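Chemist: The following block contains the structure, expressed as structure tokens.
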């Protein structure tokens with residue numbers, strides 16, 4: 001699946017993709033900047049998705065066209081095929097699953113198959129990039145290049161996870 005972690009500043013995701021038992025990608029983009037609407041107000045956001053690549057793109061498109069809290073037109077998503085973290089520029093963080101009901105998330109937060117490893121690392125004081133690095137060492141479905149988005153500068157950054165520890 002994937003590992004995504006957020007520590008209140010850095011949103012990090014691994015780059016591995018799989019097709020059955022085959023590693024099919026090592027630098028797959030899993031964090032997306034977008035403009036969405038929250039209670040009628042346009043807001044910058046970043047979405048990090050875990051699960052089916054097709055489903056992540058469907059959710060991204062849905063969020064770009066509809067209000068996060070008021071949309072009645074929810075795309076049909078196969079149960080268990082998607083988990084997402086949505087960070088708004090206003091500082092709010094939401095966990096999204098297949099029904100796309102935004103659930104406020106507590107920081108630190110992680111999603112995907114490496115959740116347990118990433119959460120343990122962050123609880124022990126590691127940053128989100130370092131936590132994803134730990135998950136990549138232990139979770140067979142996480143690996144590859146780690147992408148990092150800095151919510152303070154609102155930009156992707158190129159940092160070594162160990163340096164962000």
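Each reported figure results from applying straightforward, stated rules to the coordinates on display, with no laboratory input. Computed from a predicted structure; not experimentally measured. Counting neighbours? That spans all protein chains shown, and the Cβs are built from the backbone with ideal geometry, glycine included.
Chemist: Would the range 3-157 count as rounded, prolate or oblate if I go by the C-alpha gyration tensor, calling it rounded below 1.5 in a/c and otherwise prolate when a/b exceeds b/c, oblate otherwise?
Modeler: Oblate shape, in that a/c is at least 1.5 and b/c is the bigger or equal ratio.
Chemist: Report relative contact order for the chain in percent, whole number only (criteria: Cα-Cα under 8 Å, sequence separation at least 6).
Modeler: 31
Chemist: When a footprinting reagent is the concern and you count Cβ atoms within 10 Å, what order do 6, 141 take, fewest first?
Modeler: Listing 6, 141 from fewest to most nearby Cβ atoms yields 141, 6.
Chemist: Another one. Using alpha-carbon positions, what is the distance between the centroids of the range 87-115 and the range 8-81, in Å?
Modeler: 11
Chemist: While we're looking at this one, here's another question. Go ahead and set up a Gaussian network model of the chain, Cα springs under 10 Å, then flag whichever of 11, 19, 47 fluctuates most.
Modeler: Residue with maximal mean-square fluctuation among 11, 19, 47: 19.
Chemist: Below 8 Å between Cα atoms, with a sequence gap of 6+, how large is the relative contact order for the range 1-84 in percent?
Modeler: Averaging sequence separation for qualifying contacts and normalising by length gives 24 percent for the range 1-84.
Chemist: Let a ≥ b ≥ c be the square roots of the eigenvalues of the Cα gyration tensor of the range 69-139; is it rounded (a/c under 1.5), or, if not, prolate (a/b larger than b/c) or oblate?
Modeler: It is oblate, given that a/c is not under 1.5 and a/b is not larger than b/c.
Chemist: Considering the chain as a Gaussian network with a 10 Å cut-off on Cα pairs, which listed residue, 90, 18, 151, attains the greatest mean-square fluctuation?
Modeler: Answer for the Gaussian network model of the chain: 90.
Chemist: Same structure, new question: Take residue 53, project a point 7 Å from its Cα along the Cβ direction, then tell me which residues of the range 20-44 have their backbone nitrogen under 16 Å from it.
Modeler: In the range 20-44, the label zone of residue 53 (backbone N under 16 Å from the point 7 Å along Cα→Cβ) covers 20-32.
Chemist: Using per-residue counts of other Cβ atoms within 10 Å, averaged over each peptide, order 109-117, 67-75, 24-32 from highest down.
Modeler: Per-residue mean Cβ counts within 10 Å order the peptides as 109-117, 24-32, 67-75.
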